[in-house]
Each structure stands twice: as structure tokens, then as C-alpha cells.
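Okay, so here's the structure we're looking at.
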Amino acid sequence: QVYFVESGGGLVHPGGSLRVSCATSGIAFKQYTMAWYRQAPGKQRELVALITGSGHTEYADLVKGRFTISRDNAKNMGSLQMNSLKSEDTAVYYCNFYPSNLRWGQGTQVTVSS
């Protein structure tokens, strides 16, 4: 059964950096496009960034130039490096496959506040 476990969230000041990570089970991980999503209070979950098995990346306009998605197919892991964080980046961050989502993990809380 596929699972996703997110980690690395926390409290950071505006302008700061944070790196969140995702571990998943070994279900032919490299064959799937992996993505990071986030959900802020009172808002719908939104796509933040995605990376194909071969390494092609795409980003939401709101994070382009600030966030970098990566993956390690050998370790079945992914990560999202977030720089120049803003208060509007505050959300619970989740990883999952794209476009078809499997069961969601617990996510990791990222809070950007002074």
C-alpha cells in the first residue's frame, strides 16, 4: 500500500527558508510524477510544484523562482526547498502523485510569521 509521510515543517520568519521532505513506499516511484500541494486555512488544496520521473519540473506562478522541487528515485523520497518565504505561504504541505492522487498523508505545517 502506498503511503506518503511529510516532514520538515516549522515556524520561519518572512524571508527565511525551509526544506520539507516526503517519504513514500516503493511502488515503482520513479514511474510517477510527484507533486507538492498545500492547503491554507479556509482554502482549497492547491498544487505548488511537480516533478516527473525524469526530472522535469513545473511550478505554480506564486512560488516560481522561490521554491525548488527535487526527488531521489533510489530512496523513494522527494523534497521542496522553499526560499524567500512569505506569510501567504503559510499552509499544511502535502506530497502525492500527480495528477491522480492516492491517499493523503498527514502533511507538515509551515508557518511564516514574524
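The values are calculated or read from the model by the stated rules, or taken from the named source; none is laboratory data. A quick note: this is a predicted structure, and the numbers were derived from the prediction, not measured. For neighbour counting, all protein chains shown are included, and Cβ atoms are generated from backbone atoms with ideal geometry for every residue, glycine included.
The test for being free of Cβ contacts under 8 Å to residues at least 24 places away in the same chain and closer than 16 Å to CYS22 by Cβ holds for SER70. What do you reckon, is GLY55 touching a strand residue (DSSP E or B) at 6+ places or on another chain (Cβ under 8 Å) and either surrounded by fewer than 12 Cβ atoms within 10 Å (Cβ to Cβ) or not aliphatic (A, V, I, L, M) (or both)? Criteria met by GLY55. For GLU88, the requirement of being of a type in the set (Asp, Glu) and farther than 22 Å from SER114 by Cα is not met.
Given the criterion over 16 Å from GLN109 (Cα atoms) and either surrounded by fewer than 12 Cβ atoms within 10 Å (Cβ to Cβ) or modelled with pLDDT of 95 or more (or both), identify the matching residue among ILE69, ILE27.
Exactly one residue qualifies, and that residue is ILE69.
Being acidic (Asp, Glu), closer than 19 Å to GLY107 by Cα and touching a residue at least 60 places away in the same chain (Cβ under 8 Å) holds for only one residue in GLU88, GLU6, and it is GLU6.
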